[in-house]
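The values are calculated or read from the model by the stated rules, or taken from the named source; none is laboratory data. The shown structure was predicted, so the numbers you read here are calculated from the model rather than taken from an experiment. With ideal geometry, Cβ positions are generated from the backbone for all residues, glycine too; neighbour counts draw on all protein chains shown. Surface areas here come from the heavy atoms of the whole protein model, side chains and all, with no ligands, DNA or RNA. Shrake-Rupley method; radii C 1.70, N 1.55, O 1.52, S 1.80 Å.
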Amino acid sequence: MFYDSELHFLQSVLKKCRVQTQLINVNEHPESNLDLGLRALLQIEDAFEKPLIEVLGEVLPNTIHLLTDGYECKYIYLQLPGDVLENVLVIGPYQIKSFNHEEILELAEKNVVPVAKMRDFESFYNGLPVVGDEGQLISLVDTFGEFIWNGSSNYQFAEYELETSFENVTSIINKSLSEHDGLTWNSKLIEARYAYENEFLFAVTQGNYPKAKHLISQVGSIQFDQRNTDPIRDMKNYCIIINTLFRKSVERGGVHPIHIDSVSSEFAKKIELRSSVEDIQKLVYEMVKVYCQLVNKYSVKDYSPTVQKVIVMIESNLASDLTLSELANTLNINASYLSTVFKKETGKTITGYVNEKRIELAQELLKTTNLQVQTIAQYCGIIDVHYFTRLFKKLTGVSPKQFREENNR
């Protein structure tokens with residue numbers, strides 16, 4: 001088709017947002033579940049006045065159908081143009097806001113979900129993608145529609161809802177429920193969630209903050225199975241787990257534990273001080289940013305073991321004796337060899353690298369403390385304050401005093 005590239009692009013974007021897309025032939029029964037298996041799980045495939053599958057036969061040409069079912073799941077249907085109008089693009093299901101435990105209970109009551117299926121029912125909503133701004137999603141599909149139908153005047157939008165029919169649903173209460181089917185469905189959901197989490201943690205390992213931020217924003221809000229009656233305690237417990245996962249992720253990214261430990265400990269304190277779910281969710285975003293910054297600032301994974309050791313020694317104690325000869329003696333290697341390999345891998349001399357790190361520390365202390373310049377120089381391993389001032393100005397273009405004034409306005 002003339003729009004194959006555009007269709008592939010649309011599907012790729014939606015996949016990044018964790019929103020399912022399917023191409024369905026209206027003359028064939030879809031092999032996969034349109035609703036991610038929710039109705040099969042609840043064993044109520046026939047309990048709707050207009051089942052999702054029947055909607056396929058009612059999709060109009062040149063129309064973008066916006067559908068909400070009885071479970072507050074949203075879909076977008078559109079019939080793709082061609083010689084024979086048989087293929088329907090189905091986008092969804094997705095939700096426009098995350099449901100908390102109480103709201104899921106109300107949905108379950110409304111739809112007469114059996115108690116035996118409640119855990120799987122809640123897991124479904126915890127794993128369902130959240131589109132925080134549905135307008136952006138519709139705009140994306142709208143742009144695709146303009147292309148395939150040659151202009152905005154050649155198609156329309158149709159919006160409607162599917163209501164639950166309770167005639168068959170009520171009989172489920174006394175029906176024998178298959179635990180095996182539930183486990184199979186739930187295992188697929190768990191596998192999908194773990195794959196998403198692994199992609200997210202890998203982004204943190206790489207220090208790829210834009211991607212990590214994008215991935216976590218697709219959840220809309222942090223969602224977990226509720227295990228405690230206190231939702232704040234529940235979120236704090238999960239934050240502790242996330243802090244541990246991030247710590248191991250950045251370690252795999254080549255950050256030495258000496259840099260990780262202080263950050264991890266600080267977040268452990270912050271977690272316990274948070275007093276609302278919203279504050280804890282904001283803290284998770286802060287954790288993503290800080291841990292990615294750790295990788296970008298301190299990762300040594302691209303260096304040889306020798307250079308890694310030198311960098312860690314330098315960055316862990318800038319106030320110590322960090323001359324080439326002292327570092328070589330500590331590592332019990334030839335000073336000339338160390339100088340050569342360090343310059344080859346980092347592009348800098350050891351002295352140049354040490355000076356850069358010392359001035360970076362000085363900048364941070366000038367911005368965050370009221371310590372005297374002479375004291376800061378000593379913390380940075382430079383006893384002569386006049387030499388420190390000259391070096392600072394050489395690398396930053398301003399004196400320590402000017403730097404402090406410009407950054408404390």
### Query
Is one or more of the residues making up segment 179-190 open to solvent by 30 Å² or more (accessible area, probe 1.4 Å) and modelled with pLDDT of 65 or more?
no
### Query
What are the pairs, 6+ residues apart or on separate chains, where a residue within segment 308-327 that is β-branched (V, I, T) has its Cβ under 8 Å from a residue that is modelled with pLDDT under 90 and open to solvent by less than 20 Å² (accessible area, probe 1.4 Å)?
I311/V300; V312/V300
### Query
What are the residue pairs meeting all of these: first residue in segment 346-360, first residue at negative phi, second residue of a type in the set (K, R), Cβ atoms under 6 Å, and 6 or more apart or on different chains?
T349/K343
### Message
Being touching a Phe, Trp or Tyr at 6+ places or on another chain (Cβ under 8 Å) and part of a helix (DSSP H, G or I) is the filter here; which residues of segment 307-325 pass it?
### Response
V307, V310, I311, I314, E315
### Pick from segment 206-229, criterion open to solvent by 70 Å² or more (accessible area, probe 1.4 Å) and under 24 Å from R119 (Cβ atoms), ranking: modelled with the lowest pLDDT
R227
### Task
Report, by residue number, each residue of segment 261-294 that is touching a residue at least 60 places away in the same chain (Cβ under 8 Å), under 11 Å from R247 (Cα atoms) and of a type in the set (S, T, Y).
Y291
### Task
Search segment 127-150 for residues being on the phi < 0 side of the Ramachandran plot and polar (S, T, N, Q), and hand back the single one that is most open to solvent (accessible area, probe 1.4 Å).
Q136
### Query
Just wondering, is there one or more residues in segment 97-112 that are at pLDDT 80 or above, touching a Leu at 6+ places or on another chain (Cβ under 7 Å) and of a type in the set (S, T, Y)?
no
### Summary
Counting only residues in segment 96-124 that are closer than 22 Å to L14 by Cβ and free of Cβ contacts under 8 Å to residues at least 60 places away in the same chain, the one surrounded by the most Cβ atoms within 10 Å (Cβ to Cβ) is identified as F99
### Task
Give V284, V288, V255 a once-over and let me know the one that is of a type in the set (V, I, T) and in contact with a Ser or Thr (Cβ under 7 Å, 6 or more places away or on another chain).
V255
### Task
Please tell me if E364 is open to solvent by 60 Å² or more (accessible area, probe 1.4 Å), under 27 Å from D261 (Cβ atoms) and at pLDDT below 95.
yes
### Task
May I ask you to list the residues in segment 249-267 that are surrounded by 14 or more Cβ atoms within 10 Å (Cβ to Cβ) and in a helix (DSSP H, G or I)?
S249, V250, E251, R252, H259, I260, V263, S264, F267
### Message
Being of a type in the set (A, V, I, L, M), open to solvent by less than 10 Å² (accessible area, probe 1.4 Å), modelled with pLDDT under 90 and in contact with a helix residue (DSSP H, G or I) (Cβ under 8 Å, 6 or more places away or on another chain) narrows it down to one residue among I242, I280; which is it?
### Response
I280
### Query
Mind checking which residues of segment 40-57 are at pLDDT 70 or above and surrounded by 20 or more Cβ atoms within 10 Å (Cβ to Cβ)?
L41, L42, V55, L56
### Message
Within segment 304-313, does at least one residue satisfy the condition of being surrounded by fewer than 13 Cβ atoms within 10 Å (Cβ to Cβ) and either over 24 Å from A362 (Cβ atoms) or under 23 Å from the mean Cα position of the chain (by Cα) (or both)?
### Response
yes
### Task
Name every residue in segment 367-381 that is β-branched (V, I, T) and surrounded by 15 or more Cβ atoms within 10 Å (Cβ to Cβ), in order of residue number.
V373, I376
### Query
Can you spot a residue in segment 334-350 that is buried (at least 17 other Cβ atoms within 10 Å of the Cβ) and under 18 Å from Y387 (Cβ atoms)?
yes
### Summary
Only unsatisfied item for K401, checking (1) in contact with a Ser or Thr (Cβ under 9 Å, 6 or more places away or on another chain); (2) in a helix (DSSP H, G or I); (3) crowded, with 18+ Cβ neighbours inside 10 Å, is (3)
### Message
Just checking, does segment 73-84 include any residue being at pLDDT below 80 and among the aliphatic types (A, V, I, L, M)?
### Response
yes
